[in-house]
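The values are calculated or read from the model by the stated rules, or taken from the named source; none is laboratory data. Please read all numbers here as calculations on a predicted model, not as lab measurements. Heads up, the Cβs are rebuilt from the backbone with ideal geometry, glycines too, and the neighbour counts pull from every protein chain shown.
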Amino acid sequence: MAVLFVNMYAGRGLLRVLKKKNYKMDTKSVSIVGIGGQGIIMASEIVACALMLAGFDVKKNEIKGMSQMGGSVSSCLRFGQKVYSPLPQNGQTDILLSFELIEACRSIDCLRADAPAIINNFKLNPMGSSNCELDLIGQLRQSGRNIILVDGIKLALEAGNIKAVNVALLGVLANYLSLEKDVWLQAVAQLAPKKTYKINEKAFMLGYQNDSCV
């Protein structure tokens, strides 16, 4: 398992304005989890890019397990006026974005009480198991967090490519972060493959405009 720490510093335009107004931004955190092949790392890069474009100081931590074999992959981002560590205290993450139900159950306790958990309604059965009958959604709802279930696959297919699930879910996430829509689209344009931008743009907008319920 590899652990990567990445320090990222944004342009200071917004920060200069806030400092002049003596406004102190609280440090916030987003945890993104899923399995190998779902585009977790690309999604976290887009989030980091959008936050930096908005003027935040960002630090990002990535944990890659057996990602090529469908193993767990996670990325945690913290952002604010000045950030010193990429990792929040346990149980203090502000938002969870999960691309898979089992990974959501594994990570739900990292969240603050009542914090939003945006979860793709998709389950990959564990290796060696033909079917997993656990009531994962029921377990998540009992956690006391704000569970937002999203049919990411449906949104991606509507956009034109099932591989756009990650960007569709970012569209949902955008509703829970105080960033302008155009900042997100600029980040997608910078990091997503140029030939797929139109599909990714549509996927993002479908997620952004989605009622976030299935």
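Couple of notes before you dig in:
- Residue match in region 107-115 (condition: modelled with pLDDT of 90 or more, closer than 22 Å to residue 163 by Cβ and not hydrophobic (A, V, I, L, M, F, W, C)): no
- Condition check for residue 168: out of contact with any Phe, Trp or Tyr (no Cβ under 8 Å at 6 or more places or on another chain) and among the small types (Gly, Ala, Ser): no
- Pairs are defined by a Cβ separation below 9 Å, a sequence spacing of at least 6 or placement on different chains, a first member in region 168-194 that is surrounded by fewer than 18 Cβ atoms within 10 Å (Cβ to Cβ), and a second member that is among the polar types (S, T, N, Q) and assigned to a helix (DSSP H, G or I); the pairs so defined are 189/200; 193/200.
- Residue count for region 154-199, restricted to those that are more than 19 Å from residue 33 (Cβ to Cβ) and touching a Pro at 6+ places or on another chain (Cβ under 8 Å): 0
- Test: residue in region 195-214 that is in contact with a helix residue (DSSP H, G or I) (Cβ under 6 Å, 6 or more places away or on another chain), more than 20 Å from residue 30 (Cα to Cα), among the small types (Gly, Ala, Ser) and not in a helix (DSSP H, G or I): no
- Region 180-214, residues that are hydrophobic (A, V, I, L, M, F, W, C), modelled with pLDDT under 95 and closer than 28 Å to residue 141 by Cβ: 213, 214
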